[in-house]
Amino acid sequence: MAEERVATFVTARLGSSRLPRKALMPLRGRPVLARVIERVSAARLPERVILCTTEEADDDELATLAADLGASVHRGPTDDILVRWLGAAEGFGVDFFVACDGDNVFCDPGTIDRVVARHRETDAGFVSCAGFPLGAAPLGVATEALARVCELKTESDTAGQARFFQDPEIVTKTEVKAPPELRMDEARLTLDYPEDLKLLEAVLEE
């Protein structure tokens, strides 16, 4: 049996309504997207990093930056992130991927590896994380499970992707839990508002 192919997907676009063009905002000398790609690239188990962005002309800049950083690029629907992911998985022959949002500068590479390892231990189609700060933990999805979800879903706006993987008759689930001494599930380390950028800058400075 061929070894399972694993990738990290970074999901980003420039059309954010709350903080437009945030993926290209400078964060201590580097664009936000560059920080994210460089960080998740430190994970050991995924074979490649793939930017999953849209076909909008505005996102040409993201595609160029990702390619310059050595990441692969897939472009798909603006609102249907699940279909965008499926296109990337099928296009690059990926069997299982770990997804990180492009505004999660501190998505942890060690946790990415733990998500992959948990999938391999359980063969679950969906791997969530519990107890980590918002923005620090990814989620894992098997392409086979994603294809089933895309076939059955009735919505084309698929923000909040985890909600589509909750039916145990469609997808098997498991989770990676933060160690008790590191639980910070009320903390927030994602980029949605200008004040978030100040916090991320302060953390990086420290």
Counting only residues that are open to solvent by 90 Å² or more (accessible area, probe 1.4 Å) and part of a helix (DSSP H, G or I), which one in segment 169-200 is nearest to ARG28 (Cα to Cα)? LYS198
Go through the residues of segment 153-163 one by one and say whether even a single one is open to solvent by 40 Å² or more (accessible area, probe 1.4 Å), β-branched (Val, Ile, Thr) and part of a loop (DSSP other than H, G, I, E, B). yes
Residue check for ALA67: farther than 26 Å from VAL149 by Cα and either among the aromatic types (Phe, Trp, Tyr) or in contact with a strand residue (DSSP E or B) (Cβ under 7 Å, 6 or more places away or on another chain) (or both): yes
So, in segment 177-206, how many residues would count as being hydroxyl-bearing (Ser, Thr, Tyr) and farther than 23 Å from ASP113 by Cβ? 1
Check off (1) at pLDDT 95 or above; (2) open to solvent by 50 Å² or more (accessible area, probe 1.4 Å) for VAL105 and give me the number that stays unchecked. (2)
How about segment 1-118: which strands (runs of 3 or more DSSP E) wholly inside it have at least 1 residues that are under 14 Å from the mean Cα position of the chain (by Cα) and free of Cβ contacts under 8 Å to residues at least 24 places away in the same chain? 72-76
Filtered residues of segment 34-91 (kept if touching a Cys at 6+ places or on another chain (Cβ under 8 Å), surrounded by fewer than 19 Cβ atoms within 10 Å (Cβ to Cβ) and of a type in the set (A, V, I, L, M)): VAL83
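The values are calculated or read from the model by the stated rules, or taken from the named source; none is laboratory data. Just so you know, these numbers come straight off a predicted model, no measurement behind them. Cβ sites come from the backbone with ideal geometry, for glycine too, and all protein chains shown count toward neighbours. With ligands, DNA and RNA removed, areas are computed over all heavy atoms of the protein, side chains included. Shrake-Rupley method; radii C 1.70, N 1.55, O 1.52, S 1.80 Å.
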